[in-house]
Amino acid sequence: MATIRHDWTLAQVQALFAKPLNDLLFEAQSVHRQHFAPNQVQISRLLSIKTGACPEDCKYCPQSARYHTGLEAEQLVEVEKVLAEARAAQAAGASRFCMGAAWRHPRERDMPYVLKMVREVKAMGMETCMTLGMLSAEQAQALAQAGLDYYNHNLDTSPEFYGEIISTRNYDDRLNTIDNVRKAGMKVCSGGILGMGEQAQDRAELLRQLANLETHPESVPINMLVKVAGTPMADQPDLDPIEFVRAIAVARIMMPASHVRLSAGRENMSDELQAMCFFAGANSIFYGCKLLTTANPRENDDMALFARLGIEPEAGQPAHLEQLQPVLPTPQDELFYDAAQ
């Protein structure tokens, strides 16, 4: 069984990144199989419960009030509308419902509504996750008491590169929120964004920061930058897809028991690239045609890809997957063969 470590050095992480790709993927897949079913992927649905007008200056984000992206700001969504979306997500096969608000931090006047959302979604039998910006210890405790399972707060990048993309909060602010979440007894969802102009060393340092936390994040979203017109990163050069696959594999090796989520940017990924990411150890996705404000593959596209790869949702098949089977190849069709022979 792969050892759970919290003492990685930067040189050790860089050595993983430098391995021949086949060796790296073999090691990552071997570690993955020690902790997870190899052909199951956890499915989450993400809903924006408050969109735009964020005071932060994250250079990648279309929700910042500082950039002109054409995004229309919206107030906090009514609780009943959130519950309707959660019911639809559950019917489509999602096991976790994630709610995101474009805030620097929650205001006290908003907390009763947020807490009610958590309680009601939790009562449906779904896992709950929220991302609301920075949290005080008291706010984290309130969310935990309402039944929130996960709190998302990404580190985004390395401490050294962080100042190049955000100036309105610092790295320690992010670490403090993660600490408040842990102390409240909730699980942590924390990862980063690749392709923002960072160096290979920054990608290695991001994963080292996550893996050297006292407890690994239970969920580690690895995002590919979605370039949005009007943001400072709209014209950022594309990251080499192989480097993205390497980051997925290294995250799997360093955090063996965490779900590694293939997150934002999937809309622009080929099926082949996604398949490589799953082989590298990704075993979680956001499901649905929209991630907060950016596009995501449609549910049927994901289910078609899953069927081609022999992957099933971790919590069981979505109710509508059977409807897709007549138009998809089955393992008996000539497109498939027994690779074990």
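Structure above, values below:
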| quantity | calculated |
| --- | --- |
| Order of Phe26, Phe278 - criterion: other Cβ atoms within 10 Å of each residue's Cβ, fewest first | Phe26, Phe278 |
| Qualifying trypsin sites (Lys or Arg not before Pro) for region 91-159 [loop in DSSP, other Cβ within 10 Å: at most 16] | Arg104, Arg107, Arg109 |
| Cα coordinate range in region 180-286, projected on the principal axes (Å, largest first) | 40, 30, 26 |
| Calculated diffusion of region 10-311, Stokes-Einstein form, Kirkwood radius summed over Cα pairs, 25 °C and 0.890 mPa s, µm²/s | 127 µm²/s |
| Spin-label model distance (nm) - Asp173 vs Ala123, 7 Å beyond Cα toward Cβ | 3.5 nm |
| Peptide ranges 29-35, 8-14 listed from the most packed, as the mean C-beta count within 10 angstrom indicates | 29-35, 8-14 |
| Computed label-point distance, nm, for sites Ala229 and Asp110 using a 7 Å Cα→Cβ extension | 2.8 nm |
| Cα gyration tensor category, rounded, prolate or oblate, for region 122-239 with a/c compared to 1.5 | prolate |
| Efficiency of FRET between Lys183 and Asp301 - r from beta-carbon atoms, R0 41 angstrom, step 0.05 | 0.55 |
| Chain lengthening between Glu78 and Ile4 when straightened (0.36 nm per residue, less Cα-Cα) | 22.5 nm |
| At most 10 other Cβ within 10 Å, DSSP loop - GluC sites (Glu not before Pro), region 184-245 | Glu214 |
| Difference of contour (0.36 nm per residue) and Cα-Cα distance, Ala37 to Glu138 | 32.7 nm |
| Mean separation of Cα contacts under 8 Å (6+ apart) over length of region 10-311, as relative contact order % | 23 percent |
| Separation in nanometres of the label points that stand 7 Å from Cα toward Cβ, at Asp271 and Ala15 | 4.0 nm |
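Every number here is computed from the coordinates shown, using simple stated rules; none is lab data. Source: prediction; values computed, not measured. Neighbour counts run over all protein chains shown; Cβ positions are idealised from the backbone, glycine included.
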